[in-house]
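Chemist: Have a look at the structure that comes next, please.
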Amino acid sequence: MLDSPPLLLLLLLFASPSGAQPPNPEQHKEVLISSSGQPFPWNHMRLPKTVSPLHYDLGIHPNLTTLDFTGVVRIQLQVHEDTGVIVLHAKQMQITEALLLAPEGERPLRVLEYPPFHQLALLSDTLLTRGRTYEVPAGLCRHLVRQLPWVLQKQLPHQQRGRQVRARLPLLQTSLRSFLGAEHGRWNVSFPFFRVLASTQFEATFARAAFPCFDEPAFKAKFTIRIIREPRHIAVSNMPTVKTVALPGGLLEDHFDTTVKMSTYLVAYIVSDFLSVSKTTQRGVKISVYAVPEKIDQTAFALDTAVRLLDFYEDYFDIPLSSSQTGSVEIWEEYLAAIPDFQSGAMENWGLTTYRETALLYDPDKSSPSDKLAITKVIAHELAHQWFGNLVTMEWWNDLWLNEGFAKFMEFISVNVTNPELHVDDFFLGKCFEAMEVDSLPSSHPVSTHVENPMQIQEIFDDVSYDKGACILNMLRDFVTPEAFEIGIIRYLRRFSYQNTVSRHLWESLTDLCSPDLLDKGDRKHTEFCSARNRPSGASKWYSGDELDVQAIMDTWTLQEGFPLVTVEVRGREVRLSQERYLKTDEPSLTDGFLWQIPLTYVTSASSTIRRFLLKTKTDVLYLPQEVDWVKFNVDMSGYYMVHYEGDGWNAIINLLQHNHTVLTSNDRASLVHDVFQLVSVGKVRLDTALELSLYLSRETETMAVTQGFQELVPLYKLMEKRDMAALENRMKSYIVDLFRGLIDRQEWTDSGSVSERVLRSYLLLFGSCQELPSLCGKSHPTLQRVEGLWWPHEMSVKSRMKVAMAFSPLQDKLTRMMEHSLRGEVMKLQDLPDVLVTISRNPHGYKLAWDFLRANWHTLIKKFDLGTSLVAYMVNGVTNQYSTTEMLDEVKLFFGSLTGGDGLGDEVHPADLRDHRGQHPLDGRAPPSSAGLAGQTQQPHGARGFIVAAVHEVTPPRRVLSQPSWEFNPKQTRS
């Protein structure tokens with residue numbers, strides 16, 4: 001760090017007689033050194049706000065024959081403060097010359113680069129004054145596949161008033177990440193050669209590697225894009241083509257309409273040989289789906305789905321996309337493109353959403369109803385972003401959840417209406433359980449969390465931002481009523497269209513909905529809602545003198561990590577409540593200081609009416625109208641919290657489940673199974689209590705409750721299998737088999753029923769077949785491969801199922817070759833490597849191979865997938881999650897501890913156990929089982945339960961044993 005005299009020298013150095021100054025000089029406490037060795041005039045990761053872009057004119061030529069990329073960009077600037085410096089983003093660019101062109105003559109423009117921040121500083125010896133117009137021209141080129149230099153031309157005009165200044169910037173660029181070259185097609189009859197396409201993926205911070213720009217969400221601008229191509233290709237971008245111009249040499253240049261005002265990460269363009277199919281929505285928006293020619297016949301389902309979903313969203317949000325409507329989003333067309341090799345899974349670029357082929361294409365002859373569910377949810381997610389994320393964008397990435405949590409939440413809201421036959425509600429609860437699994441660890445982070453640099457930004461594309469964000473929104477919607485929630489959302493979108501927001505703006509939009517000053521009388525939904533006389537009890541809270549403070553409630557859920565455990569103790573009519581953070585750790589200090597405002601819901605044995613109570617304090621008491629036999633909190637698991645029933649509470653619940661479990665909903669039953677086993681892991685509940693509750697599963701038939709039973713029980717025997725504890729393993733298997741034998745025996749080898757029923761059949765038949773039950777072997781059908789989800793979980797394509805089957809081979813040489821092929825990206829696609837690696841790690845014959853492969857190829861992996869992304873986190877956690885001994889733990893700690901500099905783990909990449917769990921596993925050191933659980937039990941499953949409880953103290957697993965059964969393929973993509 002330098003002292004103030006050099007800083008003064010820096011300011012004088014860049015000062016001019018007219019008083020040019022670097023932006024915000026009073027904030028400078030440290031002087032950074034540019035790549036040329038001179039002081040850099042800005043020392044923050046975030047850009048200054050002295051100037052902002054109004055419009056980008058971007059011309060590009062991705063030559064798919066020579067694989068060269070050239071182009072020109074012009075940025076129109078608005079100057080907000082007098083300055084002599086323009087600071088913007090440019091990644092891996094070398095400026096060789098810069099000139100300032102002004103009416104009084106040509107002047108040199110000094111250029112400095114600070115690569116650690118991906119920043120470029122343009123310094124003028126004349127003052128750039130507020131309200132005047134400035135322009136800088138330049139040119140670019142680059143190789144699409146290999147890292148070769150490119151020249152970038154760039155211009156920075158401001159046209160509103162004042163004089164004009166121009167500068168030339170020849171640039172060199174070697175980045176590959178933003179404008180990627182992807183191969184599609186394989187050696188086959190129709191296309192016996194490799195073909196190349198060019199497609200962009202700019203989120204979160206990769207636009208700066210394609211062209212100089214203000215690469216932060218708050219710097220919104222309009223974009224006019226031109227793309228040069230060969231006649232055999234097509235070009236697609238965010239907006240429709242307005243004209244195509246013939247150029248010398250047989251080339252064509254497509255001119256696209258100017259975009260709406262948007263952030264740089266939403267810019268997109270594709271050059272390819274794709275074909276397309278189109279339809280029009282009820283409000284006149286043309287939707288087109290693009291795919292490689294040989295798969296264009298697999299686009300019909302996605303096209304129909306997109307039409308239905310856009311119609312739904314336009315009605316729900318009451319903000320149409322069609323430009324013919326007043327107050328619209330001004331999009332004439334919407335494009336969906338299937339990219340053959342696409343690491344990100346899917347991306348919501350405004351007007352041009354991109355997807356993996358497996359997330360968009362549906363083959364009627366090979367795909368299953370579960371494929372329909374997966375495709376529909378992904379399309380619903382990305383189209384929801386056209387409003388949440390694109391029209392209204394978070395101000396900074398710390399509020400990424402405003403984009404991703406809402407899009408994940410709207411998947412379920414929309415698909416439940418547009419495709420009721422898919423029963424999407426059956427799968428929402430699982431997302432909340434997944435989020436809780438991550439959120440219960442010390443490594444979790446708040447939904448709204450501080451991030452600064454690109455790696456930190458990439459790290460928060462995780463279950464907390466997506467799934468927890470969706471779950472707390474669902475909780476809020478349930479508490480304020482769906483009607484009030486919808487009105488508040490519409491109000492939020494209209495108020496902040498084309499702007500950037502923070503979480504506070506959303507909470508304000510959901511507060512005081514019917515205030516005369518804020519009532520939108522032109523909004524039919526709003527006026528009808530506020531004029532209704534018979535309002536639901538929940539909605540009445542919004543009109544009483546004591547208004548709910550939505551921000552006070554929701555800040556406790558977004559500004560602190562983790563979630564609460566609510567302890568309930570019933571004494572007569574009195575219900576004593578307390579809250580604490582649920583955390584899988586033996587460090588009490590990590591649970592101190594947490595307090596939530598919890599929207600509690602409950603039903604009792606005396607009334608099925610849902611009651612509500614807002615728990616604001618550490619402890620509180622509520623009173624029931626009468627004494628009851630049992631009380632169940634968190635109805636339908638609508639709240640993002642767990643419940644512990646003290647005293648006789650669990651016994652009352654167990655008695656209810658054993659005698660009349662259907663009194664509670666299937667979601668309630670699944671949440672009870674989840675909570676009781678999770679409470680065993682932190683010593684709140686005895687293991688025999690959890691196993692006793694699980695006995696009711698022998699009468700369970702609903703998908704969510706049965707699958708949750710598998711999720712909790714199967715990891716126990718898988719752990720014993722790894723420890724070579726054959727006797728205990730077999731008893732555990734027998735216990736599970738006997739629980740579900742009746743349900744398994746009733747299954748048929750047929751391909752029928754809803755998606756939910758097929759998923760249930762998948763779990764049951766697979767588990768029964770693995771245990772070689774005679775009742776199943778006698779029923780097996782010769783066309784097993786066509787049974788929906790039989791050997792594969794839902795949401796998986798046929799090719800993915802084949803990869804899973806290969807990943808469970810006992811032949812280790814084949815497993816090794818499979819990982820190597822995926823890494824090379826030739827026989828298998830690179831995008832599939834994370835799933836291949838994690839699936840092999842779940843194979844008892846492959847988990848050590850997967851760990852060895854991860855270590856041996858670590859440097860290659862973090863270059864191909866970018867250190868800090870959720871894909872890297874998925875691979876690390878997925879592989880290390882299979883370890884269950886302290887020796888293996890020490891090996892993992894040693895490897896990651898040896899990594900230094902940019903090769904180490906980011907904050908969100910946590911091997912399943914980088915802590916010492918000796919004597920800390922979920923089932924160790926707890927109270928001994930009751931005598932009833934051990935004495936005189938000779939028949940299964942009760943006898944097995946007693947044996948398991950007694951013997952499980954021999955096992956010392958890590959806390960996170962396994963989040964799902966080993967056969968379940970659960971890809972965690974960067975986006976979903």
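The values are calculated or read from the model by the stated rules, or taken from the named source; none is laboratory data. It should be emphasised that the depicted structure is a prediction, and the values quoted were computed from it without experimental measurement. Note that we place each Cβ from the backbone using ideal geometry, even for glycine, and neighbour counts take in every protein chain shown. Note: accessible area is taken over every heavy atom of the protein model, side chains too, but ligands, DNA and RNA are not part of it. Shrake-Rupley method; radii C 1.70, N 1.55, O 1.52, S 1.80 Å.
Chemist: For region 701-719: of the residues being of a type in the set (D, E, K, R) and in contact with a helix residue (DSSP H, G or I) (Cβ under 8 Å, 6 or more places away or on another chain), which is nearest to Asp426 (Cα to Cα)? Outline the logic, then answer.
Modeler: So in region 701-719, the residues of a type in the set (D, E, K, R) come out as 702, 712, 718.
Checking the rest, the ones that are also in contact with a helix residue (DSSP H, G or I) (Cβ under 8 Å, 6 or more places away or on another chain) come to 702, 712.
On the way: Glu702: 9, Glu712: 18 Å.
Applying the filter and picking the extreme gives Glu702.
Chemist: Further question on the same structure: So, of the residues in region 205-216 that are within 21 Å of Thr353 (Cα to Cα) and in a loop (DSSP other than H, G, I, E, B), which turns out to be nearest to the chain's Cα centre (by Cα)? Write out each step before concluding.
Modeler: Here is the first cut: in region 205-216, the ones within 21 Å of Thr353 (Cα to Cα) are 205-211, 215-216.
Next cut, in a loop (DSSP other than H, G, I, E, B) only: 205-206, 210-211, 215-216.
Numbers: Thr205: 16, Phe206: 18, Ala210: 24, Phe211: 26, Asp215: 21, Glu216: 19 Å.
Going through the qualifying residues, I end up with Thr205.
Chemist: Given the residues Phe219, Phe202, Phe223, which is the only one that is open to solvent by less than 40 Å² (accessible area, probe 1.4 Å), closer than 20 Å to His55 by Cα and either outside any loop (DSSP other than H, G, I, E, B) or at pLDDT below 90 (or both)? Can you show your working first?
Modeler: Details: Phe219 fails: either outside any loop (DSSP other than H, G, I, E, B) or at pLDDT below 90 (or both); Phe202 fails: either outside any loop (DSSP other than H, G, I, E, B) or at pLDDT below 90 (or both).
Going through Phe219, Phe202, Phe223 in turn, just one is open to solvent by less than 40 Å² (accessible area, probe 1.4 Å), closer than 20 Å to His55 by Cα and either outside any loop (DSSP other than H, G, I, E, B) or at pLDDT below 90 (or both): Phe223.
Chemist: Could I ask something else about it? Looking only at residues that are outside any strand (DSSP E or B) and not acidic (Asp, Glu) in region 61-83, which one is surrounded by the most Cβ atoms within 10 Å (Cβ to Cβ)? Working first, answer last.
Modeler: Pass one, region 61-83, residues outside any strand (DSSP E or B): 64-67, 80-82.
Pick out the ones that are also not acidic (Asp, Glu) and you get 64-67, 80.
Values: Leu64: 20, Thr65: 9, Thr66: 8, Leu67: 16, His80: 14.
Filtering region 61-83 for residues that are outside any strand (DSSP E or B) and not acidic (Asp, Glu), the one surrounded by the most Cβ atoms within 10 Å (Cβ to Cβ) comes out as Leu64.
Chemist: Say we look at region 605-622 and pick out the residues that are in a loop (DSSP other than H, G, I, E, B) and charged (D, E, K, R); which of these is most open to solvent (accessible area, probe 1.4 Å)? Working first, answer last.
Modeler: Restricting attention to region 605-622, the residues satisfying the condition of being in a loop (DSSP other than H, G, I, E, B) are 605-606, 616-618.
Subsequent filtering for residues that are charged (D, E, K, R) retains 616, 618.
Numbers: Lys616: 108, Lys618: 91 Å².
Residue satisfying both the conditions and the ranking: Lys616.
Chemist: May I pose another question? Any chance region 643-657 includes a residue that's among the hydroxyl-bearing types (Ser, Thr, Tyr) and open to solvent by 20 Å² or more (accessible area, probe 1.4 Å)? Give the steps one after another, and end with the answer.
Modeler: Kept after step one, since they are among the hydroxyl-bearing types (Ser, Thr, Tyr), are these residues of region 643-657: 645.
So of that shortlist, the ones also open to solvent by 20 Å² or more (accessible area, probe 1.4 Å) come out as none.
No - not one qualifying residue is present in region 643-657.
Chemist: Consider region 822-878. How many of its residues are over 19 Å from Lys893 (Cβ atoms) and either touching a His at 6+ places or on another chain (Cβ under 7 Å) or outside any helix (DSSP H, G or I) (or both)?
Modeler: Selection size over region 822-878: 14.
Chemist: Only one of Ser263, Ser276, Ser237 is open to solvent by 40 Å² or more (accessible area, probe 1.4 Å) and at pLDDT 95 or above; which? Before you say what the answer is, go through the steps one by one.
Modeler: Working: Ser263 fails: open to solvent by 40 Å² or more (accessible area, probe 1.4 Å); Ser237 fails: open to solvent by 40 Å² or more (accessible area, probe 1.4 Å).
After applying the criteria, what remains is Ser276.
Chemist: Test of understanding: among Asp297, Asp365, Asp315, which residue is closer than 18 Å to Val392 by Cα, more than 24 Å from the chain's Cα centre (by Cα) and open to solvent by 10 Å² or more (accessible area, probe 1.4 Å)? It would help to see each step written out before you state the result.
Modeler: Working: Asp297 fails: closer than 18 Å to Val392 by Cα; Asp365 fails: closer than 18 Å to Val392 by Cα.
On inspection, the qualifying residue turns out to be Asp315.
Chemist: Are any residues in region 46-60 in contact with a Cys (Cβ under 8 Å, 6 or more places away or on another chain) and assigned to a loop (DSSP other than H, G, I, E, B), and if so, which ones? Steps first, please.
Modeler: Initial filter on region 46-60 (in contact with a Cys (Cβ under 8 Å, 6 or more places away or on another chain)): 53, 56.
The answer is none; no residue qualifies.
Chemist: Given the condition surrounded by fewer than 21 Cβ atoms within 10 Å (Cβ to Cβ) and within 18 Å of Leu493 (Cα to Cα), answer yes or no: does some residue in region 379-400 qualify?
Modeler: Yes, the conditions are met somewhere in region 379-400.
Chemist: Can you tell me which residues in region 220-246 are over 27 Å from Ile287 (Cβ atoms) and touching a Lys or Arg at 6+ places or on another chain (Cβ under 9 Å)?
Modeler: Kept after step one, since they are over 27 Å from Ile287 (Cβ atoms), are these residues of region 220-246: 246.
Correct list: empty.
Chemist: Something else about it: Go through region 838-869 and give me each residue that's among the hydroxyl-bearing types (Ser, Thr, Tyr) and either open to solvent by less than 20 Å² (accessible area, probe 1.4 Å) or modelled with pLDDT of 80 or more (or both). Break it down into steps so the answer makes sense when it comes.
Modeler: If we filter region 838-869 for residues that are among the hydroxyl-bearing types (Ser, Thr, Tyr), which is where we start, we get 839, 841, 847, 860, 869.
Within region 838-869, Thr839, Ser841, Thr860, Thr869 meet the criteria.
Chemist: Quick check on region 92-111: of everything there that is in a loop (DSSP other than H, G, I, E, B) and out of contact with any Leu (no Cβ under 9 Å at 6 or more places or on another chain), which residue is modelled with the lowest pLDDT? Walk me through how you get there before you give the answer.
Modeler: Step one: filter region 92-111 for residues in a loop (DSSP other than H, G, I, E, B), giving 92, 96-98, 103-104, 109.
Right, trim to out of contact with any Leu (no Cβ under 9 Å at 6 or more places or on another chain) and you get 103-104.
Numbers: Pro103: 58, Glu104: 61.
Among them, the one singled out is Pro103.
Chemist: Just the residues that are more than 30 Å from Met802 (Cβ to Cβ), open to solvent by less than 10 Å² (accessible area, probe 1.4 Å) and modelled with pLDDT under 90, please, taken from region 329-360.
Modeler: Selection gives Val329, Ile331.
Chemist: Would you call Pro911 at pLDDT 50 or above, within 18 Å of Glu459 (Cβ to Cβ) and part of a loop (DSSP other than H, G, I, E, B)? First the steps, then the outcome.
Modeler: Working: at pLDDT 50 or above: yes; within 18 Å of Glu459 (Cβ to Cβ): yes; part of a loop (DSSP other than H, G, I, E, B): yes.
Taking the combined requirement at face value, the residue satisfies it.
Chemist: On the basis of being under 29 Å from Phe710 (Cβ atoms) and touching a Lys or Arg at 6+ places or on another chain (Cβ under 9 Å), does Ile413 make the cut?
Modeler: Numbers: under 29 Å from Phe710 (Cβ atoms): yes; touching a Lys or Arg at 6+ places or on another chain (Cβ under 9 Å): yes.
Here the answer is yes, as Ile413 does meet what is asked.
Chemist: Sort out for me the helices (runs of 4 or more DSSP H) sitting completely within region 693-802 that have 1 or more residues that are surrounded by fewer than 21 Cβ atoms within 10 Å (Cβ to Cβ), touching a Gly at 6+ places or on another chain (Cβ under 9 Å) and modelled with pLDDT under 65. Show your work before the answer.
Modeler: Values: elements: 703-722, 726-745, 755-770, 774-777.
Result: 774-777.
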